[in-house]
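The values are calculated or read from the model by the stated rules, or taken from the named source; none is laboratory data. Keep in mind that this is a model prediction, so the values were computed, not measured. All Cβ positions, glycine included, derive from the backbone under ideal geometry; neighbour counts span all protein chains shown. These area figures cover heavy atoms from the full protein model, side chains too; ligands, DNA and RNA do not enter into them. Shrake-Rupley method; radii C 1.70, N 1.55, O 1.52, S 1.80 Å.
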Amino acid sequence: DVAYRLQGAPDAPGTTGVVAVTNRLTGDFVLELNEDADDVFPFIRAAREYGKRAGGDSRYRVEIDIEGEPFVVYEKSTFLVYDEEGNLLRSRSLIPSGVEL
């Protein structure tokens with residue numbers, strides 16, 4: 001799973017957060033990194049628009065390499081965004097139609 005936990009208000013200038021990639025089966029963290037909201041939100045909007053134009057659910061690929069060697073690849077359709085208190089921000093998240101959380 002891929003999630004983004006904000007460390008400030010979503011619309012505040014300079015807000016950052018933590019992107020976390022976890023293994024859905026084991027719950028292990030695969031990767032965590034700090035990222036600006038100004039970079040994450042356009043990515044989510046682009047994935048959503050791609051899905052609309054492609055006539056299906058939004059999709060994106062996570063490819064993680066370690067020292068230039070492929071480590072793991074995930075095909076994803078969700079990207080959950082949480083505020084700094086841990087509440088899901090549905091309007092900011094990428095959630096396929098018909099999925100209940």
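Between the residues I64, Y82, A47, the greatest Cα displacement towards the positive end of the dipole of the chain, with unit charges on the Cβ of Lys, Arg, Asp and Glu, is found for A47. Taking a sphere under 9 Å around the Cβ of V73 and counting the other residues whose Cβ falls inside, with K and R at +1 and D and E at -1, yields a net charge of -1. Here the chain is assigned +1 on the Cβ of each Lys and Arg and -1 on the Cβ of each Asp and Glu. Its dipole about the Cα centre then comes out at about 620 debye. Our helix-only sum for the chain, with -39,500 (n - 2.57) per DSSP H run of n ≥ 4 divided by its residues, gives a mean residue ellipticity at 222 nm of -6000 deg cm²/dmol.
Using a probe of 1.4 angstrom and keeping all protein chains present, the accessible surface of the chain works out to 66 square angstrom per residue.
Normalised by the number of residues in the chain, the mean separation of alpha-carbon contacts (under 8 Å, six or more apart) gives a relative contact order of 26 percent. For the chain, the alpha-carbon radius of gyration amounts to 1.08 times the rule-of-thumb value 2.2 N^0.38 Å expected for a compact globular protein.
For the chain, carbon and sulfur atoms together expose 48% of the accessible surface, with a 1.4 angstrom probe and every protein chain in place.
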